[in-house]
Each structure stands twice: as structure tokens, then as C-alpha cells.
Amino acid sequence: MTNEELWRAVLGQIELSISKANFITWFKNTSILSNQDGVVTISVPNGFAKEWLENKYNLYILRALKGFDKNIQSIRCNISSEKSVSLPQTMDSLKNVDAVHPPENSGFVRKKLIEKPFFTATGPAEPAFHETNLNSRYTFENFIVAENNELARAACYAVSQNLGMAYNPLFIYGGVGLGKTHLLQSIGNEVVKNAPEKRIKYINSERFTTELVDSIKNQKIDLFKEHYQKMDLLIIDDIQFLSGREKTQNEFFHIFNSLYQLNKQIVISSDRPPKAIPTLEERLRSRFEGGMITDISRPHLETRIAILESKIAEKGFSIEPLAVRFIAENITQNIRELEGALNRVIAFSEFHRITPTLENTKQILSQLIENNKKTLHTDDIFRVITDFYTVTKEDLLKKGRKKEISHPRQVMMYLLRDELQMPFSGIGDILGGRDHTTALHAFEKINKQKETTLRVKEELATLKERLYYPS
Ligand code: ADP
Ligand code: MG
């Protein structure tokens, strides 16, 4: 087996055990440089990938390698500035997910200027557009890192350390209140700290549109463009609001291009991936997809608890651990709501001069939690499962035991229990009149796999996201 064949085989296996986004992000442009004395040296495009492969994916890689060659004992990554062998194009993920990959100019090599920028920046900036719009409250230090956001956080941090060179543009997407703005702002604040001379602008796309429209009205469009084209770091939040605004998209496209060609950093957020933003001009979409795309998903219980604890400490407050847990267990959708609930408990307790216990926390939040409960129906779960696994409802009800069907069916049983707290007998009934022990076993199996198999865990995260945030 040549090194190339070996790596291809290893990638084939790793692809099965991690998410597509992770796979493409970390394994694109990697190859085996050498395989000697039990040490496999892997060529990676940048320091960022080196860190992740060596620390995070080390075991996956090693396990897969050993499957082909027992003598292999360890791996090492070397950063290569040249473009190395790309992932085999036959892999399915690359066919469909052209969206998620690091930029061609990774490896910290500056991209050559291909064309002249559309506008050159001259003269002083217009004071009206002057502020950075950064809020110093959002930093990397007070951002809790967990599995739902670690990729996004790592990408943002890398960008803040290497403006224009690590990942450009960087596109972060995820549902409301999951920390996109926090991360975007952290990049800006980090750059202010390390390189105060850099010109930074944070703006959400609605405000960008308003400024643009005003500048057209006041005949200051040139100044507007000039101002934006001078930035070293341009952060545009919630880009989905540009959807359908042709004129704004057009101007943004020009600004984007001129910054990009000068290797200036652009960071963008959205509530969904570029492909899913309706009426986003094709040329903008493909620009976004030419960079790095990464998502933030909903946090797990432990993460929610950790976030609450850090916010409580920040405020110098004290709440009984059981009460903290209660909040985290009941406010599950997003972190903004979680903070809102916490603030409510704190306000109430300060007013009444009490330390929140489980009991009074329950009382304080009872209304909020009641209002918050989404009324999910079994049909919602059917819909999400059939969509995700491309199976039909009939498949799920039938007797068949083929894995393509039995796995979705078991996941469905798990969700019915976990999300709707249905009795196992009821679950069996809904799924083609099966016995309640079948439902119980399915639940236990998936519950266990969720801990041991990354793929199952990620499937569940996606399914829940779709249940609560149908697009
Ligand atoms: P989004 O922009 O995705 O809608 P935000 O960035 O506004 O969400 O986050 C909502 C709130 O939750 C903010 O107050 C933010 O500080 C907080 N938050 C989100 N994620 C985290 C995290 N991982 N650690 C700490 N706070 C977080
Ligand atoms: Mg936001």
C-alpha cells in the first residue's frame, strides 16, 4: 500500500466517524509525508490543522492507521506551505459539501492580488461611519467552549491571531441566541487588544443597509464605500437580512471583493448556511463558500450549566447548585433565554434579599417555563426523522429490520421518549404496534450510543435543532 492509498483508506474511515463540517475543515489538503519506524508524518496546511489533528483527532487517526498497519505507533504533523494532495474527490462528502472547506490561501501564504481593487481608499474616513461598534463585554475569555461551539470558536480565534491569513472569509452560522455575535465581537476585541492600529468594523447587515441607503440619499456613497474598503477587519453580523436586497448586496459585493483582494479579513454570521439564504446573489454565495464555514449548535445540559455558573460568578452572585441545574434543565433552546432566566432569578432574589434555592427558583421561573414549552407533536418527530434519513413513514411502521430503517426507527423511539416523555408502550403503538420492550431497548441503545459514538451524538444534535428550529 502506498502512502497515498493508506491515507485515502484512513480518510475513508475517519469520514464515517466525524461530522462532515469537521472532516472537510480539518482533513482537506492533508497527506502522508512518510511512514517510518512506526511514526506516520502527516502534512497539514497550517498550524491550526496541526493542533487539531495532533490533539483532537489523534486517536481517530491512529486507530484507523493501525487497522491497516499494526506497526504504526504514533503520528506527527508537519505544516507544509505547499498545497498538498487534496482529499480524494470520489468521497461523497466532497461532492455535496463544497461549502465547508478552508480557503485556498490557508497555509498562511498571502494570496496574490489578482486584480486591482474596485476602489482605492483615499482621504480621511467619514466620521459618521467611524465607530468600531465593539462591545468590550464580549471576549474569548468569557466565552464558554463546548462541543457545540468549539469549531466556531477555534476558527474565530485563529482569525483574530492572523487577520486575512487563516480563514477568509469566515462564515459562522447557527440559531438565535447561540453565541454568534459574542464570537464575532470577541474577534474584534481581541484584535483591538493585540493590534490597536488595525481598522475594525463590526456591523449588522440591517444597519449596514440603513447606512448605505442614507449615504445614497445624501450623495455620500463614495465616502461610504471608501470607509468600508479601508478596514483591516470587517465583521458583518446576521447577513441573512441582506436577502432580497439587491442594491445592498451589490455594494456589499464590491466592498467584499476589494477587501478580499487586499487580504483584509471578513467575518460573517448568519442564522443558516449560505446555501439556505434565499435570494442571496449567486456570486455572493460562492464568495462565502470559498472561505471557511462553521456552525454553532445548541448546547448540551452540562454546557448550559457551565455557562450559568460563569455568568453567576461574573455577577458575583450565589445560587444553590440544584437551582442552577433546574434553570439549565428547563431553559434549553438558547443561551440568551438562559441568561434572561438567570437575570430574572437574580433580580427577584436581590429584591427580596434571599439566596435562590431550588424551591423559589421554580416559583420565579414557572411562568417563563410554561410559556416556553414548545408543543411538539409526534408528527414533528416523524417529519424530522423521515427528512433526515430519507425514509418514509411507512418504512418506519413496517416490520423490516434493515439497518437503514431500524436505526432511524430507534432514533425516533429515543426522541419520542426524550423530547415528549412518552411512555414506552405508547411509543411502541405509534411505531407500528411494537412491544414496549422494543421501545425501551431502542431508547437505551441510542442513549448509550450518544455517549460512545460521535456520529450518533451529532445526528441527535442536528435532529433536535431541526425539531426546534424548523427552517
Ligand atoms: P446570537 O448572536 O447567536 O443570536 P449571542 O452571541 O447574542 O447569540 O448570544 C446570546 C447571549 O448568550 C449573549 O449574552 C452571549 O454572551 C451569551 N453566550 C452565548 N454563547 C455563550 C458561551 N458559549 N459562553 C458564554 N456566553 C455565551
Ligand atoms: Mg447575534
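Mind checking whether some residue in region 363-382 is touching a residue at least 12 places away in the same chain (Cβ under 8 Å) and of a type in the set (S, T, N, Q)? Within region 363-382, one or more residues are touching a residue at least 12 places away in the same chain (Cβ under 8 Å) and of a type in the set (S, T, N, Q).
Whether any residue in region 283-301 is farther than 30 Å from Lys28 by Cα, of a type outside the set (Ser, Thr, Tyr) and open to solvent by 20 Å² or more (accessible area, probe 1.4 Å) is what I want to check. Yes, region 283-301 contains a residue that is farther than 30 Å from Lys28 by Cα, of a type outside the set (Ser, Thr, Tyr) and open to solvent by 20 Å² or more (accessible area, probe 1.4 Å). When region 330-358 is filtered for residues that are open to solvent by 90 Å² or more (accessible area, probe 1.4 Å) and closer than 23 Å to Thr303 by Cα, the ones remaining, listed by number, are Arg336, Arg344.
Can you name the residue in region 157-169 that is hydrophobic (A, V, I, L, M, F, W, C) and out of contact with any Leu (no Cβ under 9 Å at 6 or more places or on another chain) and, of all such residues, is farthest from ligand 2 (Cβ to nearest atom)? Don't jump to the end; show me each part of the working.
Of region 157-169, the ones hydrophobic (A, V, I, L, M, F, W, C) are 158-159, 163, 165-166.
Filter once more, so that each one left must be out of contact with any Leu (no Cβ under 9 Å at 6 or more places or on another chain): 165-166.
Numbers: Met165: 26, Ala166: 22 Å.
Going through the qualifying residues, I end up with Met165.
Tallying residues that are near ligand 1 (Cβ under 8 Å from one of its atoms), open to solvent by less than 20 Å² (accessible area, probe 1.4 Å) and in a helix (DSSP H, G or I) within region 145-190 yields 4. Could you tell me whether region 191-200 includes any residue that is under 22 Å from His227 (Cα atoms), assigned to a strand (DSSP E or B) and away from ligand 1 (no atom under 15 Å from the Cβ)? Looking for residues that are under 22 Å from His227 (Cα atoms), assigned to a strand (DSSP E or B) and away from ligand 1 (no atom under 15 Å from the Cβ), one finds at least one in region 191-200, hence yes. For the condition open to solvent by less than 40 Å² (accessible area, probe 1.4 Å), of a type outside the set (Asp, Glu) and at pLDDT 90 or above, Gly426 does not qualify.
Just one of the numbered conditions (1) in the same structural domain as Glu226 (by TED's automatic domain parsing); (2) under 21 Å from the mean Cα position of the chain (by Cα); (3) surrounded by 22 or more Cβ atoms within 10 Å (Cβ to Cβ) is not true of Leu259: (2). One residue stands out in region 201-219 among those that are open to solvent by 20 Å² or more (accessible area, probe 1.4 Å) and closer than 30 Å to His300 by Cα: the one that is nearest to ligand 1 (Cβ to nearest atom), namely Asn204. Among the candidates Leu87, Leu53, the residue that is modelled with pLDDT of 85 or more and within 23 Å of the chain's Cα centre (by Cα) is uniquely Leu53. Remark: pairs (first residue in region 174-191, at pLDDT below 95; second residue open to solvent by 10 Å² or more (accessible area, probe 1.4 Å) and near ligand 2 (Cβ under 9 Å from one of its atoms); Cβ separation under 8 Å; 6+ apart in sequence or on different chains) = Gly174/Lys180; Gly174/Asp271; Gly175/Asp271; Val176/Asp271; Val176/Arg336; Gly177/Arg336. Just give me the residues in region 388-409 being in a helix (DSSP H, G or I) and either open to solvent by 100 Å² or more (accessible area, probe 1.4 Å) or not assigned by TED's automatic domain parsing to the domain that holds Leu463 (or both), in sequence order. Passing the criteria: Glu394, Lys403, Glu404.
The values are calculated or read from the model by the stated rules, or taken from the named source; none is laboratory data. Note that this is a predicted model, so its numbers are computed, not measured. Cβ sites come from the backbone with ideal geometry, for glycine too, and all protein chains shown count toward neighbours. Protein only, heavy atoms only, side chains kept; ligands, DNA and RNA dropped before computing areas. Shrake-Rupley method; radii C 1.70, N 1.55, O 1.52, S 1.80 Å.
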